[in-house]
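Nothing in this text is a laboratory measurement; each read-out follows from the coordinates by a stated rule. Nothing here was measured: the structure is a model prediction, and the numbers come from that model. Don't worry about glycine lacking a Cβ; one is built from the backbone with ideal geometry, like all the others, and counts go over all protein chains shown.
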Amino acid sequence: MRLGRLLACSCVLMGIAATAVAQPDKAITQAPSTEARLLEAWETWQGGDPARAETQLRALIAQRPNYKLAWLMYGDLLSAMSGGKAKQPLPATDTRVHDLQGEMERRLIKRDLTSDAVPGNLIYVSGDSPRAIVVDLSQGRMFLMERTDDGWRRLRDNYAGIGQLGVGKRDEHDLRTPVGVYHINGYIPGSALPDMYGVGALPLDYPNDWDHADNRYGHGIWIHGVPRDTYVRAPQSSQGCVTVANEDFEWLHHAVGAGTQVVLADNVQWLFAEEAEAQKQEWLDRLEQWRMALLSGDSTRVRGFYKQAPKSAAYHELEVDHVNVFEYPGEKDLVLAQFRVSRNQGNEAHVEQFWRRDAAGAWKIVFEKNGAGVLQTASRGEPRKKRAKRSVATR
């Protein structure tokens with residue numbers, strides 16, 4: 001079979017409307033060079049200059065010979081230029097073409113984002129951890145965000161793959177990527193891993209406390225690279241991990257570290273800067289009202305913040321700092337607040353609170369936990385027995 005036939009793109013890819021072609025968003029920090037060059041060639045072709053597009057793709061393939069999508073587009077372009085069978089698709093049963101089409105569709109998603117647009121999940125992240133990763137699982141896109149004195153800005157964004165069966169992980173080996181708020185536990189270099197993980201891995205702390213309380217289990221959810229004989233993996237091809245191109249991973253792991261917050265969202269809702277600022281202030285004010293209620297010693301006032309009555313406690317001093325607040329993904333009207341409290345004579349504890357809006361529209365703490373047992377923990381029910389964790393990722 002001739003090379004041209006092997007590389008001919010299906011009519012689905014050729015049929016993507018020109019109106020859906022992503023125009024480079026000049027407000028966003030430059031996309032990874034490989035992706036930017038691929039989209040530039042696509043736009044050149046769609047703009048009516050196939051000869052120049054052929055030159056651009058040939059140069060890209062020379063630099064990235066393992067980039068299957070670039071080869072697929074190049075073959076289709078050559079077929080179109082030759083006046084041959086450009087519109088004849090490969091068999092619909094060819095999963096390789098289907099996966100590459102899915103990747104291309106995710107790369108072509110138009111992102112009409114202003115330079116100051118903020119993921120709604122990032123309500124507030126304290127200065128000691130000014131960067132956060134947000135993955136829009138439905139669109140196969142990872143964003144690295146940085147908080148500055150002027151608000152959030154996007155440092156970089158790139159394509160990302162997820163679990164074979166999509167999102168909503170609930171159990172071990174279910175081939176799904178979890179939805180939730182996590183943090184990076186560390187870095188594992190590629191030299192210490194099988195080739196399937198590429199140049200390295202960033203393990204996440206899945207399952208977190210909310211996962212346990214909601215009977216979600218499993219282990220070994222990582223952000224990691226891809227085998228060195230390919231450029232990226234298909235959109236849904238892992239056993240639950242988030243996969244990115246090795247060049248994207250190299251950049252990412254130098255930009256973040258242990259403790260960096262990671263939001264795995266089923267669908268990211270973007271806010272204007274003014275909306276994000278108002279949401280941030282609302283939650284910082286709410287946490288301050290909670291703190292003042294505890295200091296007041298008024299049990300009725302304190303009780304108003306909780307779905308279930310907390311244990312009574314007396315505080316002469318209560319300081320709150322290192323605050324992180326997230327709109328929790330995959331849940332309706334749920335917010336996670338993380339912070340450190342210092343009480344009375346320097347006693348410290350790290351606290352996690354989950355707030356949920358009730359039927360009357362009031363926000364109540366439905367789950368609260370800290371390492372020192374200083375505050376009340378309101379359980380969501382009897383959790384299943386934890387399974388022993390293994391050190392190997394689910395890929």
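Shown is the FRET efficiency for I61 and A258, computed with R0 = 51 Å from the Cβ-Cβ distance and rounded to the nearest 0.05: 0.85. The amide H of R156, built 1.01 Å from its N in the peptide plane, has L144 as neighbours under 5 Å, considering only residues 5 or more places off or on other chains. Amide hydrogen proximity for G120: with H placed 1.01 Å from N in the peptide plane, the residues at 5 or more positions away or on another chain lying under 5 Å are Q269, W270, L271. If both residues of a DSSP beta bridge must be in region 127-269, then about 70% of such bridges are antiparallel.
Here the extension length gained between S191 and D205 equals 2.8 nm, from 0.36 nm per residue of separation less the Cα-Cα distance. Put a dot 7 Å past the Cα of E282, heading toward its Cβ, do the same for A36, and the two dots end up 3.6 nm apart. Holding the Cα-Cα limit at 18 Å, pick out from K68/K169; K280/K369; K311/K364; K169/K307 the pairs that are longer than that. Over 18 Å apart, Cα to Cα: K68/K169; K280/K369; K169/K307.
Here's how it looks for D49: its modeled amide H is under 5 Å from none belonging to a residue 5 or more places away or on a different chain. Here region 271-370 is assigned +1 on the Cβ of each Lys and Arg and -1 on the Cβ of each Asp and Glu. Its dipole about the Cα centre then comes out at about 560 debye. Semi-axes of the equivalent ellipsoid of region 127-269 are 21, 19, 14 Å, computed as sqrt(5λ) over the eigenvalues of the C-alpha gyration tensor in descending order. Across region 135-141, coupling constants 3J(HN,Hα) worked out from phi with the 6.51/-1.76/1.60 Karplus curve, θ = phi - 60°, read 10, 8, 5, 6, 10, x, 9 Hz, and Gly and Pro carry x. Less than 15 Å from a label point 7 Å out along the Cα-to-Cβ axis of N267: which backbone N atoms in region 108-146 qualify, by residue? Under 15 Å, as judged by backbone N against the label point of N267, lie 120-121, 136-140 of region 108-146. The fraction of Cα-Cα pairs per 10 angstrom bin, counted from 0 for region 271-370, comes to 14, 48, 31, 7, 0 percent, rounded to whole percents.
Across all directions, the average projected area of the convex hull around the alpha carbons of region 222-339 is 10.9 nm². Could you tell me which residue out of N158, H224, G180 lies farthest along the dipole of region 78-232 toward its positive end? Charges go on the beta carbon: Lys and Arg +1, Asp and Glu -1, centred on the Cα centre. Highest projection toward the positive end goes to N158. Charged neighbours of G168, selected by a Cβ distance under 13 Å, balance to -2 (K, R count +1; D, E count -1).
Model label points for I109 and R131, set 7 angstrom from Cα along the Cα-to-Cβ axis, are 2.3 nm apart. Given a Förster distance of 41 Å, report the FRET efficiency between S296 and D149 from their Cβ-Cβ distance, rounded to the nearest 0.05. Computed FRET efficiency for S296 and D149: 0.80.
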